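Please read the structure below before turning to the comments.
The values are calculated or read from the model by the stated rules, or taken from the named source; none is laboratory data. For clarity, every value in this text was computed on a predicted model and none was experimentally measured. We place every Cβ from the backbone using ideal geometry, glycine too, and count neighbours over all the protein chains shown.
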Amino acid sequence: MEHTDDLDFADGIDIQEVADGAIIRGHVGGEKVLLVRRGEDHFAIGAECTHYHAQLANGLIVDDTIRCPMHHACFSLRTGEALCAPALDPVSIWRIERGLGKIIIREKLSPPKPSIASPSTVTPTSIVIVGAGAAGLAAADMLRREGYSGPLTMFSADDTPPYDRPNISKDFLMGTAPAEWMPLRDSQYYADRQIELMLNARVTAIDPVRRVVCLANGQQVTYGALLLATGADPVRLAIPATVDARILYLRTFADCRAIIAVAELAKAAVVVGASFIGLEVAASLRARGIEVHVVGLERIPLERVVGPDVGTLVRDLHESHGVTFHLENSVARIDGKRVTLNDGTTLQSDFTVLGVGVKPAIALAEQAGLMVDRGITVNQYLETSAPGVFAAGDIARWPDPHSGDRIRVEHWVVAQRQGQVAARNILGSREPFAAVPFFWSQHYDVVINYVGHAEKFDSTVIDGSLKSRDCTVAYRRGERNLAVAAISRDLQSLQAERAFEAEFVPGRPR
Ligand SMILES: Cc1cc2nc3c(=O)[nH]c(=O)nc-3n(C[C@H](O)[C@H](O)[C@H](O)COP(=O)(O)OP(=O)(O)OC[C@H]3O[C@@H](n4cnc5c(N)ncnc54)[C@H](O)[C@@H]3O)c2cc1C
Ligand code: FES
């Protein structure tokens with residue numbers, strides 16, 4: 001039986017109507033609620049994800065959790081707790097009453113208390129987090145959720161409290177997201193949880209033996225446990241250019257504001273790098289009515305990651321929105337507003353944005369003598385080679401149990417989830433990081449959701465239609481699926497993630 005949001009659960013629903021595994025939409029006291037059945041258990045939970053408000057009814061139930069269709073956050077059906085990022089806040093839950101063959105949803109219950117699933121066995125005297133991005137904030141949040149009440153300091157080289165970095169190449173750059181959407185937390189949040197957030201505070205050295213971090217202003221701070229979460233820096237290209245050439249990068253909110261300031265007066269722009277970030281910038285600048293040229297070394301944009309078919313789709317999509325590509329090409333020099341390409345083409349452009357990749361910010365680790373290998377080497381618990389020092393996010397290269405390889409990725413959700421796991425491990429929980437990598441990228445109205453990790457693949461299998469932008473693409477090596485990209489198929493993306501999780505048996509060698 002089909003139910004709509006009109007169903008008032010306060011009136012009750014016939015218990016026979018609720019099939020095992022069903023998600024039924026309705027409302028209680030004006031709030032949208034989902035009724036979910038798992039075996040003999042029934043749950044009443046808020047209908048919207050607390051990340052970007054996606055409809056959880058379109059998600060996937062796994063055991064006693066529900067997963068969001070948009071960016072795969074995971075909530076406990078029992079408590080509403082946001083178990084896995086990107087959502088950090090719980091969803092509401094309601095009390096259920098069963099009797100006379102009916103289920104009635106009663107009052108809303110109070111938000112979950114810290115889960116303390118495995119009470120902390122270690123209580124560091126103090127915890128310092130270097131970096132207040134995706135991993136840093138998620139870690140601080142989890143430390144407090146898990147009941148750690150000692151001193152907790154986050155140092156950030158940024159001038160802005162933690163913000164929604166993925167949005168700086170999307171809606172915010174387009175001009176369609178108000179500034180209020182950008183902070184991940186308001187200032188009260190840090191005050192309430194006694195998280196000391198130090199902005200414009202660059203750490204210049206760490207001494208893992210004395211357990212001290214040194215700041216650019218000369219200050220030295222001791223720590224009981226340290227989390228490095230310094231992210232990545234854009235790769236800088238030494239393009240010959242005159243001093244009046246406007247060359248910009250995009251990593252921080254300040255970078256984004258600088259691009260917007262120039263874009264507001266611009267007619268044309270060149271984006272160097274047909275990367276995810278480069279192309280998202282191109283889309284956002286087109287939304288501002290700016291003429292956009294994308295220059296890239298590759299034959300097909302994004303081919304290395306998503307293969308030729310999806311790469312061609314992305315190129316066609318951008319072309320249909322007026323982007324001009326100059327592929328298998330690069331910029332030779334920039335003279336003021338004239339950009340000269342290697343093949344001799346000249347383009348008139350008010351500014352140039354470079355999106356040619358990032359490199360992990362591992363200088364601190366190198367200086368401190370930690371083990372590094374194109375990233376900071378961590379074990380399954382996200383511990384570095386120095387006792388009491390953990391690393392998470394774009395800098396961490398970890399043993400991925402799914403691929404069997406040591407990998408490092410640059411995905412928002414992975415960074416947050418690593419921050420969460422590192423936090424629990426700092427408190428002694430010894431939890432291996434086993435999440436299946438996930439990222440999303442948005443190009444106009446097309447969103448690509450990608451689960452798994454396929455550094456190299458030898459074939460792709462498309463299910464559905466790329467042309468109608470409704471498909472999944474599996475990336476395979478031999479007989480094995482390594483990753484799946486999904487367009488307009490959120491549920492299949494969640495199912496693919498679940499299948500990768502199920503394949504992994506702890507301790508089984510790959
Ligand atoms: C424009 C853009 C768009 C993106 N879009 C997406 C997307 O759509 N989907 C997706 O999955 N991923 C996306 N990403 C990638 C995602 O944002 C990163 O993977 C994620 O932010 C990494 O988190 P992190 O915590 O490792 O680093 P960051 O979030 O970069 O945080 C690093 C922090 O460390 C601080 N720091 C660095 N060095 C020091 C130091 N020496 N001392 C003190 N502080 C320091 C920085 O100031 C910052 O606070 C995007 C990235 C960018 C730049
Ligand atoms: S909207 Fe639910 S995870 Fe992003």
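Does Val235 satisfy the condition of being of a type in the set (Val, Ile, Thr), more than 16 Å from ligand 2 (Cβ to nearest atom) and surrounded by 18 or more Cβ atoms within 10 Å (Cβ to Cβ)? Can you show your working first?
Numbers: of a type in the set (Val, Ile, Thr): yes; more than 16 Å from ligand 2 (Cβ to nearest atom): yes; surrounded by 18 or more Cβ atoms within 10 Å (Cβ to Cβ): no.
No.
When you go through Arg469, Arg430, Arg424, Arg498 one by one, which is the residue that is of a type in the set (Lys, Arg), in contact with a helix residue (DSSP H, G or I) (Cβ under 8 Å, 6 or more places away or on another chain), closer than 30 Å to Ala138 by Cα and touching a residue at least 12 places away in the same chain (Cβ under 8 Å)? Lay out the reasoning, then the answer.
Working: Arg469 fails: closer than 30 Å to Ala138 by Cα; Arg430 fails: in contact with a helix residue (DSSP H, G or I) (Cβ under 8 Å, 6 or more places away or on another chain); Arg498 fails: in contact with a helix residue (DSSP H, G or I) (Cβ under 8 Å, 6 or more places away or on another chain).
None of the others qualify; the one that does is Arg424.
Hey, can you tell me all the residues within the stretch 243-297 that are basic (Lys, Arg) and in contact with a His (Cβ under 9 Å, 6 or more places away or on another chain)? Lay out the reasoning, then the answer.
First, the residues of the stretch 243-297 that are basic (Lys, Arg): 246, 251, 257, 267, 286, 288.
If the condition is that a residue be basic (Lys, Arg) and in contact with a His (Cβ under 9 Å, 6 or more places away or on another chain), then Arg286 is the only one that fits.
Mind listing whichever residues of the stretch 227-247 are within 30 Å of Arg211 (Cβ to Cβ) and part of a loop (DSSP other than H, G, I, E, B)?
Ala229, Thr230, Gly231
Within the stretch 457-466, does at least one residue satisfy the condition of being over 28 Å from Ala415 (Cα atoms) and of a type in the set (D, E, K, R)?
yes
Which residue is surrounded by the fewest Cβ atoms within 10 Å (Cβ to Cβ), if the candidates are limited to the stretch 423-450 and must be within 11 Å of ligand 1 (Cβ to nearest atom) and of a type in the set (A, V, I, L, M, F, W, C)?
Restricting attention to the stretch 423-450, the residues satisfying the condition of being within 11 Å of ligand 1 (Cβ to nearest atom) are 437-443, 447-450.
Those left that are additionally of a type in the set (A, V, I, L, M, F, W, C): 438-440, 447-448.
Details: Phe438: 26, Phe439: 21, Trp440: 21, Val447: 17, Ile448: 23.
Filtering first and then ranking leaves Val447.
Only one of Pro301, Pro308 is surrounded by 23 or more Cβ atoms within 10 Å (Cβ to Cβ) and out of contact with any strand residue (DSSP E or B) (no Cβ under 7 Å at 6 or more places or on another chain); which?
On the way: Pro308 fails: surrounded by 23 or more Cβ atoms within 10 Å (Cβ to Cβ).
Checking each option against the conditions leaves just Pro301.
For residues that are in contact with a Gly (Cβ under 8 Å, 6 or more places away or on another chain) and more than 14 Å from Phe438 (Cβ to Cβ), scanning just the stretch 50-81, find the one that is surrounded by the fewest Cβ atoms within 10 Å (Cβ to Cβ).
Looking only at the stretch 50-81, we keep the residues that are in contact with a Gly (Cβ under 8 Å, 6 or more places away or on another chain), and these are 56, 61, 66-69, 80.
Add one more test, that the residue is more than 14 Å from Phe438 (Cβ to Cβ), and what stays is 56, 61, 66, 80.
On the way: Leu56: 27, Ile61: 20, Ile66: 27, Gly80: 25.
Across the stretch 50-81, the extreme among qualifying residues is Ile61.
Mind telling me which of the residues Ala47, Ala57, Ala87 ends up being within 14 Å of ligand 2 (Cβ to nearest atom) and more than 26 Å from Asp6 (Cβ to Cβ)?
Working: Ala47 fails: more than 26 Å from Asp6 (Cβ to Cβ); Ala57 fails: more than 26 Å from Asp6 (Cβ to Cβ).
On inspection, the qualifying residue turns out to be Ala87.
Which of the numbered conditions does Ala85 fail, given that it passes all the others? Conditions: (1) buried (at least 17 other Cβ atoms within 10 Å of the Cβ); (2) farther than 23 Å from Ala140 by Cα; (3) among the aliphatic types (A, V, I, L, M); (4) touching a residue at least 40 places away in the same chain (Cβ under 8 Å).
(2)
Restricting to the stretch 259-297, name every residue that is small (Gly, Ala, Ser) and more than 13 Å from ligand 1 (Cβ to nearest atom). Please lay out each step first, then the result.
Initially, the stretch 259-297 is screened for residues small (Gly, Ala, Ser), giving 261, 263, 266, 268-269, 273-275, 278, 282-284, 287, 289, 296.
Those that are small (Gly, Ala, Ser) and more than 13 Å from ligand 1 (Cβ to nearest atom): Ala261, Ala263, Ala266, Ala268, Ala269, Ala274, Ala287, Gly289, Gly296.
Quick one: would you say Val414 is modelled with pLDDT of 95 or more, in contact with an Asp or Glu (Cβ under 8 Å, 6 or more places away or on another chain) and surrounded by 23 or more Cβ atoms within 10 Å (Cβ to Cβ)?
Numbers: modelled with pLDDT of 95 or more: yes; in contact with an Asp or Glu (Cβ under 8 Å, 6 or more places away or on another chain): no; surrounded by 23 or more Cβ atoms within 10 Å (Cβ to Cβ): yes.
So Val414 fails the test.
Can you name the number of the only condition in (1) over 23 Å from Gly357 (Cβ atoms); (2) surrounded by fewer than 23 Cβ atoms within 10 Å (Cβ to Cβ); (3) of a type outside the set (Ser, Thr, Tyr); (4) under 18 Å from the mean Cα position of the chain (by Cα) that Leu382 fails?
(2)
Answer yes or no: is there a residue in the stretch 233-256 that is more than 16 Å from ligand 1 (Cβ to nearest atom), of a type in the set (Val, Ile, Thr), more than 19 Å from Asp158 (Cα to Cα) and without any contact (Cβ under 8 Å) to a residue 40 or more places away in the chain. Outline the logic, then answer.
Applying the first criterion (more than 16 Å from ligand 1 (Cβ to nearest atom)) to the stretch 233-256 yields 237-247.
Those left that are additionally of a type in the set (Val, Ile, Thr): 239, 242-243, 247.
Okay, now just the ones that are also more than 19 Å from Asp158 (Cα to Cα), so 239, 242-243, 247.
This time we only want the ones that are without any contact (Cβ under 8 Å) to a residue 40 or more places away in the chain, so: 243.
Yes, the stretch 233-256 contains a residue that is more than 16 Å from ligand 1 (Cβ to nearest atom), of a type in the set (Val, Ile, Thr), more than 19 Å from Asp158 (Cα to Cα) and without any contact (Cβ under 8 Å) to a residue 40 or more places away in the chain.
Just one of (1) in contact with a helix residue (DSSP H, G or I) (Cβ under 9 Å, 6 or more places away or on another chain); (2) touching a residue at least 24 places away in the same chain (Cβ under 8 Å); (3) of a type in the set (A, V, I, L, M) trips up Ala177, so point out which.
Of everything listed in (1) in contact with a helix residue (DSSP H, G or I) (Cβ under 9 Å, 6 or more places away or on another chain); (2) touching a residue at least 24 places away in the same chain (Cβ under 8 Å); (3) of a type in the set (A, V, I, L, M), Ala177 misses just condition (2).
Any residue in the stretch 238-259 that is farther than 21 Å from Gly419 by Cα, of a type in the set (Lys, Arg) and touching a Phe, Trp or Tyr at 6+ places or on another chain (Cβ under 7 Å)?
Among the residues of the stretch 238-259, at least one is farther than 21 Å from Gly419 by Cα, of a type in the set (Lys, Arg) and touching a Phe, Trp or Tyr at 6+ places or on another chain (Cβ under 7 Å), which makes the answer yes.
Evaluate the following for Asp400: is it free of Cβ contacts under 8 Å to residues at least 40 places away in the same chain and among the charged types (D, E, K, R)?
On the way: free of Cβ contacts under 8 Å to residues at least 40 places away in the same chain: no; among the charged types (D, E, K, R): yes.
In short, no.
Determine, yes or no, whether Val262 is hydrophobic (A, V, I, L, M, F, W, C), farther than 18 Å from Met174 by Cβ and touching a residue at least 12 places away in the same chain (Cβ under 8 Å). Walk me through how you get there before you give the answer.
Values: hydrophobic (A, V, I, L, M, F, W, C): yes; farther than 18 Å from Met174 by Cβ: no; touching a residue at least 12 places away in the same chain (Cβ under 8 Å): yes.
Spelling it out, it is not the case that Val262 is hydrophobic (A, V, I, L, M, F, W, C), farther than 18 Å from Met174 by Cβ and touching a residue at least 12 places away in the same chain (Cβ under 8 Å).
Only residues that are of a type in the set (Lys, Arg) and more than 14 Å from ligand 1 (Cβ to nearest atom): list them for the stretch 383-415, please. Reasoning before the result, please.
Of all residues in the stretch 383-415, those of a type in the set (Lys, Arg) come to 397, 406, 408.
Passing the criteria: only Arg406.
Which members of the stretch 331-376 meet the condition of being of a type outside the set (A, V, I, L, M, F, W, C) and in contact with a Gly (Cβ under 8 Å, 6 or more places away or on another chain)? Before you say what the answer is, go through the steps one by one.
Within the stretch 331-376, the first condition is being of a type outside the set (A, V, I, L, M, F, W, C), and the residues that meet it are 333, 335-338, 340, 342-346, 348-350, 352, 355, 357, 359-360, 366-367, 369, 373-375.
Passing the criteria: Gly355, Gly357, Pro360.
Can you find, within the stretch 63-79, the residue that is farthest from the chain's Cα centre (by Cα) among those that are under 12 Å from Gly46 (Cβ atoms) and within 14 Å of ligand 2 (Cβ to nearest atom)?
Among those that are under 12 Å from Gly46 (Cβ atoms) and within 14 Å of ligand 2 (Cβ to nearest atom), it is Ile66.
In this structure, does Arg145 turn out to be under 19 Å from Phe390 (Cα atoms) and away from ligand 2 (no atom under 13 Å from the Cβ)? Show your work before the answer.
Numbers: under 19 Å from Phe390 (Cα atoms): yes; away from ligand 2 (no atom under 13 Å from the Cβ): yes.
Against the criterion (under 19 Å from Phe390 (Cα atoms) and away from ligand 2 (no atom under 13 Å from the Cβ)), Arg145 qualifies.
For the stretch 479-490: of the residues being at pLDDT 95 or above and in a loop (DSSP other than H, G, I, E, B), which is nearest to Glu501 (Cα to Cα)?
Arg489
Can you pull out the residues in the stretch 299-322 that are under 25 Å from the mean Cα position of the chain (by Cα) and of a type in the set (Ser, Thr, Tyr)?
Of everything in the stretch 299-322, just one residue is under 25 Å from the mean Cα position of the chain (by Cα) and of a type in the set (Ser, Thr, Tyr), namely Thr312.
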